[in-house]
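The structure under discussion appears below in the form of structure tokens.
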Protein chains: 4
Amino acid sequence: MIIMMDQNASESDVDRVVDRIRAHGFQAHIHRGAETLAVGVIGDTRGIGVNGFRSMRGVLAVTPIMKPYKMASRKFRPEGTVVNVGGVEIGGEEIVVIAGPCAIESEEQLMAVAKEVKAAGAKILRGSAFKPRTSPYDFQGLGEEGLRMMRKVRQATGLLVETEVMDTRDVEMVAGYVDMLRVGARNMQNFDLLKEIGKTDKPVILKRGMSATIKELMLAAEYMMKEGNHNIVLCERGIRTFETATRSTLDIGAVPVLREETHLPVIVDPSHAAGNRNYVGALAKAAVAAGSDGLLIEVHHEPEKALCDGPQALLPAQFAELMQQLREISRAVGRKL
Amino acid sequence: MIIMMDQNASESDVDRVVDRIRAHGFQAHIHRGAETLAVGVIGDTRGIGVNGFRSMRGVLAVTPIMKPYKMASRKFRPEGTVVNVGGVEIGGEEIVVIAGPCAIESEEQLMAVAKEVKAAGAKILRGSAFKPRTSPYDFQGLGEEGLRMMRKVRQATGLLVETEVMDTRDVEMVAGYVDMLRVGARNMQNFDLLKEIGKTDKPVILKRGMSATIKELMLAAEYMMKEGNHNIVLCERGIRTFETATRSTLDIGAVPVLREETHLPVIVDPSHAAGNRNYVGALAKAAVAAGSDGLLIEVHHEPEKALCDGPQALLPAQFAELMQQLREISRAVGRKL
Amino acid sequence: MIIMMDQNASESDVDRVVDRIRAHGFQAHIHRGAETLAVGVIGDTRGIGVNGFRSMRGVLAVTPIMKPYKMASRKFRPEGTVVNVGGVEIGGEEIVVIAGPCAIESEEQLMAVAKEVKAAGAKILRGSAFKPRTSPYDFQGLGEEGLRMMRKVRQATGLLVETEVMDTRDVEMVAGYVDMLRVGARNMQNFDLLKEIGKTDKPVILKRGMSATIKELMLAAEYMMKEGNHNIVLCERGIRTFETATRSTLDIGAVPVLREETHLPVIVDPSHAAGNRNYVGALAKAAVAAGSDGLLIEVHHEPEKALCDGPQALLPAQFAELMQQLREISRAVGRKL
Amino acid sequence: MIIMMDQNASESDVDRVVDRIRAHGFQAHIHRGAETLAVGVIGDTRGIGVNGFRSMRGVLAVTPIMKPYKMASRKFRPEGTVVNVGGVEIGGEEIVVIAGPCAIESEEQLMAVAKEVKAAGAKILRGSAFKPRTSPYDFQGLGEEGLRMMRKVRQATGLLVETEVMDTRDVEMVAGYVDMLRVGARNMQNFDLLKEIGKTDKPVILKRGMSATIKELMLAAEYMMKEGNHNIVLCERGIRTFETATRSTLDIGAVPVLREETHLPVIVDPSHAAGNRNYVGALAKAAVAAGSDGLLIEVHHEPEKALCDGPQALLPAQFAELMQQLREISRAVGRKL
């Protein structure tokens, strides 16, 4: 930790900072510069917080030099983590594609889409029974009834299934129906939910919040890891910026940054980032080329009738064609699909 | 609702759009322009969703011409809403100042700060017992024990009290201790939490999410109103932008926009926006000048020892001085403090 | 400057960094931490650049501890700068209001608006003859003919006048017509233009770029100061964010930050930030309450016929009423208007 | 154009809007909805501006239904444009890689890098003699002397060359030295510069501004096309967002959006977006996978000594390896490199 102080800070201001550092059990090194004075703190300062120092008289800024995350850090497991979802490995050689409708609307709908995505090569079926919608007047999902439909489709098709969980009270119930949980972008910092999921050992997709930094995404993962669940797959899904030509701005740079910073697998959701099926293919291909371990793609056989996000859903035939192209890209980057 | 279609859309594409409009029970009017074709839909189209149309062949864009919120809209109650918190009116002539520490740390701390802010003119004491912290290694709050301290301080000082609630499972318990609930920025779109609070009649401060639009803030209020709770105070607290000189960018323009768009009272939190006590006063004065109905300000008697957000907390003497200045500004804009 | 190195950096990596520091004539202090190693550089390191170090093997990050600006810094002239524009002082006790139409459209228009804003208390007339428009099909301004009109109106009304200059080739010509130049937001980092204006001694309003940080704004001022022109007034005019309810997001926090960081006067343009006359008054009042030294406000007597930005122009009667309210606010913060 | 009016707008308010529409020579169609009244305007309304209507009493919003650009639109040349730079075609089957140092530092430096990038397969050499730097104390480029070095290197290596032009006064001079001009991000809306370049027929790379929308980028191209120069290559180089893990956020979605909206070729600059050589390769591969027609990559043989942007420059060996990987990706998407 480096504490920058004003050059006009009094001796007693500096002494109080140094005393506080020592009280925490650390050593302090003082640098006097032309216009500022810097105090270096040596040791694992993660536990002591920077704000206490920031509040002291004469202090201009405090810069931690350690990453705030521990278990989510690449250093914690340099070889990388492979998350096993019912036999499907995310984070290994293979690119794993998770596909399906935004929302579960009926058993017929889910079954129809499931068969198509399975035929095209998807390994896990997505579908939400609980929908976080901006407006209370929009379709809120079928709830547990939807999950029962999902269980039936799982049995009939042999596909693994994943779904979103939104409420701490539902974690156990939802986990009983699916192979993999999903934390939506709006709940990335719903810390009680993260803790509750952390207490299970269910594999979970953690979606990046719309205005969350990469560091905050990793700290959200750290919340779950701290409770014991390390089966986490991070998902870049676009951030909120001033550009409106796409629904969100896919932060493709997050893929190489995350691969460097964390051992957890990283996947990309091109559908929510694009918000328009015309752009989903380009984003999906970019994601695989940039090093993503998988994709989360919305597919609907009748997008005009979709109760949620129809415009960004690929038609089954488009999805099948995209899968072919993704196979070529995967090969070009030394992966399989 | 206006549906823009491509000029090259076929007759059958247009017919399908028109048929769908009629199937919803609305009339369709067709405009042929130089390069586009617009189909106008007449009626209250809020319930039918735009995405179904967006997914149809030949459709370029769909623009709703109605606001998505109903009960939160200014038109719903043009005279404005006054939220009564234990006799203190927010949204009336008076500017209401809510002040106190970020987190409840001990009974002594809360009592010390409470006495100071009361003496300076604050009407409601703030203090969090449940803290949403970015890192799991940071202080997470005292929980229900903190609320018991708050109840004691409430009795001893006669101040009204407010606190944050984060988990659907805690709403009833927390509501039992305080005069006013608070939904934090990170939970603005935690829709299950909103629904749960909506089932109570407790006054609630709804803080704007860091990357939420003004429209989304109003829709979050609509979630609670739909469940029956109309005692909502909206709170602008800064949005996330590229600028880092302040912790967040206070969107001061949200104040006049909200006063035009909604009947709900609007307050401002200058402390979280600034992130630095040097800037809190300027933002607080700007808020009152712009038309805010109140302020939410962090005060700590020993910010160097604060377990959370010390750098942005005003010292009691600074707070008292600011209150004097705010009285002048309030008078200048025809309000009282 | 603090150079953070990887804990696994080799001795020779560290030696190369230390050698480079010494080659620049500075001392190096080494701190060994739990996971990182920090090298502190003592001295005025502004000239040496951080990127050279950032490119070295083993280096994780380089943090300058000095501000990059010199002459624009508050320390350079702690008592503050007062810019004198033909006898009107910006940065003194008085709040200076600059008002007028967005674009000069005709002599009649400019004269009509000029008389109104003068009567209401404005000291300087704004009006653009060169217009930076997003589309080439929009009105581009009257050019030098507009400046001749401005000169006539100046003589007839006695108002001081200011206008935008966009092209390095026009600086001298434009400066010959007006009392004050303006650099528009889009040109804040047109460095050749800044240098050219820096060679004159004309007072100049430097508007913040739509995505410029406060630091970059100050460095743009530094470009002009380095050439010799210190008569600079900084202008906050809103930044680009995800929120679209206002045209830009007025960064009201920039006012107290700039007052702390620089000795240059600071004004606010509420018109471009709002983009809607309904919100201009609230933003103008907030600016004065926050400590702004002046305002730049658009007024038009026939906004429906305006060739540019009509929706955000106040009508003369609205402007006169706002000026009354601003006088109250000015008094409340110990200033005059 | 659709004009939304308040449902409480008076008959005379509506009449005035309709009269104005007719005065422009267009037809008006009125829709009465549940809460609003919409007036549709039929015809090519691009020339008449929306602000006049926005300023009228009773008008809530005005939505243009035509794209604001004409010549830059895909419809203008549906088959796509191929820009020929001295025999190298950008926008054809081949992916064109432009590479070289950020700044021209010396003839030796430029020659050394040129040979390396040529050997690896780059077709055009980049290098700036005029540098737009945030701080006036940073290296500002060698000016015309740098261009003379570039001419020598061009002759010696046979590589085509490109460079940035910043000042209207320099366009002709700079164009005399190079095969292709570049407009930097900070000058994307320096409209006088765009017009001046538009008067030449030199191929030009137009970089997207840091906070420019895709629509604004296309309108900047339209400025040049209106003056006669259609040899424009658009360049996505990252936008400014809240995320700081990369220097800018590469808007990879801009690639498919631009391919749909415009006939002009699109390239990507992964170096400025990444700001860190570790991430450049992933972004470059993503760009090609997403449909980019080329890349603009910084390479330096001694990045530690670079006078500008060393941390993001690839070493020659890294560049050569990346070119191999890009060849694989190009093949996977049906292109050549």
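Where a number appears in this text, it was derived from the coordinates with a stated rule and is not lab data. This one's a predicted model, so the numbers in the text were calculated from it and none came from an experiment. Backbone-built Cβ (ideal geometry, glycine too); neighbour counts: all protein chains shown.
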Label spacing, shortest first and in nm, from D:T244 to its equivalents in the remaining copies (7 angstrom along Cα→Cβ):
0.1, 2.9, 2.9
Can you sort A:M149, D:M224 so the residue with the fewest Cβ neighbours within 10 Å comes first?
A:M149, D:M224
Using alpha carbons only, how many angstrom separate the centre of the stretch B:317-337 from the centre of the stretch C:269-337?
22
Using a Cα-Cα cut-off of under 16 Å, which aspartates and glutamates could be cross-linked to A:K195, ignoring same-chain neighbours fewer than 8 residues away?
A:E164, A:D167, A:D170, A:E172, A:E216, A:E222, A:E227, B:D138, B:D167, B:D170
Vicinal HN-Hα couplings computed from phi for the stretch C:212-223 (Karplus, 6.51 cos²θ - 1.76 cosθ + 1.60; Hz; Gly/Pro x)
8, 6, 4, 4, 5, 4, 5, 5, 5, 4, 4, 4
Given H placed 1.01 Å from N in the peptide plane, which residues other than close sequence neighbours of C:I297 have an amide H under 5 Å from its amide H?
C:I98, C:A99, C:G100
Pick out, in residue order, every one of the GluC sites (Glu not before Pro) in the stretch A:40-125 that is DSSP loop and has at most 13 other C-beta atoms within 10 Å; say none if there are none.
A:E79, A:E93
On C-alpha positions alone, give me the angle between the axis of helix D:11-23 and the longest principal axis of chain D, in degrees, nearest 10.
50
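Per residue of C:192-199, how many C-beta atoms from partner chains lie within 10 Å of its own C-beta, taken as a mean?
Mean partner-chain Cβ count within 10 Å for C:192-199: 3.
Send over the Kirkwood Rh of chain D, from the inverse of the averaged 1/r over different Cα pairs, rounded to one decimal Å.
Hydrodynamic radius (Kirkwood, Cα pairs) of chain D is 21.5 Å.
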Inter-copy distances for C:Q7, label 7 Å out on the Cα-Cβ vector, sorted ascending, nm, one decimal, are 3.5, 6.6, 6.6
Filter the cross-link list D:K75/D:K207; B:K336/C:K118; C:K199/D:K226 down to pairs whose alpha-carbon distance in this structure exceeds 29 Å.
B:K336/C:K118; C:K199/D:K226
With all pairs of different alpha carbon atoms counted, what Kirkwood hydrodynamic radius in Å does the protein assembly as shown show?
32.4
Kindly give the distances from A:G86 to its copy-mates, label point to label point, with each label point 7 Å from Cα along Cα→Cβ, as nm values to one decimal ordered shortest first.
5.2, 5.9, 7.8
Residue-averaged 222 nm ellipticity for chain B, from DSSP H runs of 4+ at -39500 (n - 2.57), nearest 500:
-10500 deg cm²/dmol
Relative packing of C:16-22, B:205-211, which averages over residues the other C-beta atoms within 10 Å, highest first:
B:205-211, C:16-22
Could you work out the local net charge near A:D179, counting Lys and Arg as +1, Asp and Glu as -1, over the other residues with Cβ closer than 9 Å to its Cβ?
+1
The stretch C:2-64 - convex hull of the alpha-carbon atoms, volume per residue in Å³
68
Please determine, in degrees from 0 to 90 and to the nearest 10, the orientation of helix B:316-332 with respect to the longest principal axis defined by the Cα atoms of chain B, where the helix direction is its Cα long axis.
50
Longest principal axis of chain B (C-alpha) makes with the long axis of helix B:107-120 (C-alpha) an angle, in degrees to the nearest 10, of 80
Mind listing the phi-derived Karplus ³J(HN,Hα) values for the stretch A:139-148, rounded to whole Hz, using 6.51, -1.76 and 1.60 with θ = phi - 60°, and x for any glycine or proline?
3, 9, x, 8, x, 4, 4, x, 5, 5
What net charge is computed for the residues neighbouring A:G291, neighbours being all others with C-beta under 12 Å from the C-beta of A:G291, Lys and Arg scored +1, Asp and Glu -1?
0
According to the Cβ-distance criterion of 4.7 Å, cysteines of the protein assembly as shown with no possible disulfide partner are A:C235, B:C235, C:C235, D:C235
Neighbourhood charge, 11 Å Cβ-Cβ cut-off, centred on D:G334 and excluding it, Lys, Arg +1 and Asp, Glu -1
+1
For D:L160, other-chain or 5+-apart residues with amide H closer than 5 Å (H placed, Pro excluded) are D:L125
Please list, in chain and number order, the residues 5+ apart from B:I205 or on another chain whose amide H is under 5 Å from its amide H, with Hs placed from the backbone.
B:L181, B:R182, B:V183, B:V233
If you take the C-alpha gyration tensor of the stretch C:269-314, multiply each eigenvalue by 5 and take the square root, what semi-axes do you get, largest first, in whole Å?
21, 9, 7
